[in-house]
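Working notes for the structure below.
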Amino acid sequence: MADLLSNWSSTLEAVPPSHCIPVHERPSDPVEIVDNIPVIDLGKANGEERSVVVKELLKAFEEYGFFQIINHGVPVDLMDEAMKVYKEFFSLPAEEKAEYAKDAANNTNRGAATLYSSSAKHYDSEEHRYWRDVLEHSCNLDGKDKITWPSNPPRYREVIGAYGDELRRVSKVILGMVAEGLGLEAGFFDNELGQRMLVNHYPACPDPSLTLGVGGHCDPNLITIIQQEVYGLQILKDDKWIGVQPIRNAFVVNSGLPITVISNGKLASVAHRVVTNTTQSRTSIGTFICPHEIVEPAKALVGPENPPQFKSFNWGIDFMPHYLSKKSVYHASLEPFKIDA
Ligand code: OGA
Ligand code: NI
């Protein structure tokens, strides 16, 4: 069973060898924290300026694979409450958390809540570990999975249930704009898509130069919506890491590898990583929207002039096991699905 970092990191005066990552992966070069990552005003999504906002959003996904959203309509109180709930969850006594951490590596019920440190699948075989604990569970529309969610803090299911509903709504607004911007039929992403909570907790770290909260990766899902308050997220832009300055009450949105496939290579899926800091723990609340079962270049985007760049594949059966089976380097997990020109 994973030894949760949140149970013991506060007693550490140095980073233990288990968590010192290889020198080439360490965040050694100075990284600029920028404020030029696009900010999209979702309040304009239904007004006269919609087409302008759609263009901005598409450009952000093309150039950065990331943007932040403001005026998204999620009540600030609910965002604050969700953040509080997760901070309380990760500071629960070890025995309370142990129940969820019991069988994370072998969990075949991808819906049920699991708790792990560093990575679920590779924890026992990892040569080094990342500086994070993760709580993950599905967040289904019908609410039937709530029974598997944590029951402590006692308001967990109520708060996160409401949060999940709001984030489902926001994800639909974003995906509606992606469809429109790509020239796909309205409703392309409308059928119910899988939704998961993936919440990272990165405790304060005695020496952030020796480790990472999570190493560089591209996300395997369609889009990810992150709530954060403490700096730590960095993205790889033009082969350089840049830091994402948190904006109060905004969400960070990024595209995952399936978006690159569906857009037939037009939209980026950008590598990102998380650095730690010495003074504060960082909790990021991730809402992961998963694609439909079959992922392939959208039919409307391929033709004699635009041959498909990727094969059609089953996301859960073909792609996810491949993505999880090795520590995929950035876009490498798409390689087997590429069609050579
Ligand atoms: C992730 C991730 C970023 C963050 O969980 O895939 O990239 O800010 N998280 O914690
Ligand atoms: Ni990620």
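Just to be sure I understand, how many residues within the range 75-97 are at pLDDT 95 or above and open to solvent by less than 10 Å² (accessible area, probe 1.4 Å)?
The qualifying residues number 7.
For the range 64-108, which residues satisfy the criterion of being farther than 18 Å from residue 170 by Cα, in contact with a helix residue (DSSP H, G or I) (Cβ under 8 Å, 6 or more places away or on another chain) and assigned to a loop (DSSP other than H, G, I, E, B)?
91
Please verify whether the range 128-146 includes one or more residues that are of a type in the set (S, T, N, Q), more than 16 Å from ligand 1 (Cβ to nearest atom), part of a loop (DSSP other than H, G, I, E, B) and more than 18 Å from the chain's Cα centre (by Cα).
no
Of all residues in the range 289-316 being in contact (Cβ under 8 Å) with a residue 12 or more places away in the chain and part of a helix (DSSP H, G or I), which is farthest from residue 337 (Cα to Cα)?
Of the residues in the range 289-316, the ones in contact (Cβ under 8 Å) with a residue 12 or more places away in the chain are 289-298, 300-302, 306-316.
Next, only the ones that are part of a helix (DSSP H, G or I) stay: 300-301, 315-316.
Values: 300: 19, 301: 17, 315: 11, 316: 14 Å.
Among residues in the range 289-316 that are in contact (Cβ under 8 Å) with a residue 12 or more places away in the chain and part of a helix (DSSP H, G or I), the one farthest from residue 337 (Cα to Cα) is 300.
If I filter the range 216-233 down to residues being more than 11 Å from ligand 2 (Cβ to nearest atom), out of contact with any helix residue (DSSP H, G or I) (no Cβ under 7 Å at 6 or more places or on another chain) and within 14 Å of residue 68 (Cα to Cα), which single residue comes out as most open to solvent (accessible area, probe 1.4 Å)?
Filtering the range 216-233 for residues that are more than 11 Å from ligand 2 (Cβ to nearest atom), out of contact with any helix residue (DSSP H, G or I) (no Cβ under 7 Å at 6 or more places or on another chain) and within 14 Å of residue 68 (Cα to Cα), the one most open to solvent (accessible area, probe 1.4 Å) comes out as 231.
Failed condition for residue 10, given (1) open to solvent by less than 30 Å² (accessible area, probe 1.4 Å); (2) in contact (Cβ under 8 Å) with a residue 60 or more places away in the chain, with all others met?
It is condition (1) that residue 10 fails.
Between a first residue in the range 245-265 that is more than 16 Å from ligand 2 (Cβ to nearest atom) and of a type in the set (D, E, K, R) and a second residue that is open to solvent by 10 Å² or more (accessible area, probe 1.4 Å) and assigned to a loop (DSSP other than H, G, I, E, B), which pairs have beta carbons less than 8 Å apart while being 6 or more apart in sequence or on different chains?
Within 8 Å, the pairs are 248/229.
The values are calculated or read from the model by the stated rules, or taken from the named source; none is laboratory data. Everything numeric here is computed off the predicted structure, so don't read it as measured data. No Cβ is skipped: glycine too gets one built from the backbone with ideal geometry, and neighbour counts run over all protein chains shown. To get the accessible areas, we keep the full protein, side chains included, count just its heavy atoms, and leave off ligands, DNA and RNA. Shrake-Rupley method; radii C 1.70, N 1.55, O 1.52, S 1.80 Å.
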